[in-house]
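Inspection log for the structure reproduced underneath, given as C-alpha cells.
The values are calculated or read from the model by the stated rules, or taken from the named source; none is laboratory data. A quick note: this is a predicted structure, and the numbers were derived from the prediction, not measured. Note that each Cβ is placed from the backbone with ideal geometry, even for glycine, and that neighbours are counted across all protein chains shown. These accessible areas exclude ligands, DNA and RNA; they are computed on the full protein's heavy atoms, side chains included. Shrake-Rupley method; radii C 1.70, N 1.55, O 1.52, S 1.80 Å.
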Amino acid sequence: YVVARRAWKSDDWYIGGVTNEEGRNVELYLDFLEDGVNYSARIYRDSEDAHYRDHQLGYVIETKILRRGDKINIYMAPGGGFAIRLSPSPTNGA
C-alpha cells in the first residue's frame, strides 16, 4: 500500500508505503509534482538486510533532488515500508 499527499497550505508532499510479510520493490512515478520545480527528497527506507523477524531496525536515510517525471525505485523489506518528504528546493531559479 502506497499513498502520496500534499500538505495542507504547503508545497510539500509526503509519500508513505507499507508491506506485509512479503518484501517487494515499488516504482514511484513523480508525475504529480509541479513542472519545472526541483524538490529536495528526504527518504527513509528499509535497508537491504531489514526483516520484521530478525532485523527490524535496518534502515537507510537518503537525500536526493527530484523533479516531475522522475521515477524512484524503493525496496520494502518483509514487514517494512518507507516514508518520503518532498519539499521545493531552495536552489530553484538559481
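Computed values, structure above
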item	result
P(r), alpha carbons of region 16-68 - 5 Å bins starting at zero, rounded %	4, 15, 22, 23, 14, 12, 7, 3, 1
Residue with peak Gaussian network fluctuation, the chain [Cα springs, cutoff 10 Å], from 57, 66, 33	57
Accessible area of residue 61 in the full protein assembly, 1.4 Å probe (Å², nearest 10)	80 Å²
Lys, Arg +1 and Asp, Glu -1 on Cβ, resulting dipole of the chain about Cα centre, debye, nearest 20	340 debye
Top of 36, 58, 69 by mean-square fluctuation, Gaussian network on the chain, Cα under 10 Å	36
Cα lying deepest toward the dipole's positive end in the chain, options 44, 19, 78, charges on Cβ	44
Kirkwood hydrodynamic radius of the chain, Cα pairs, Å	13.9 Å
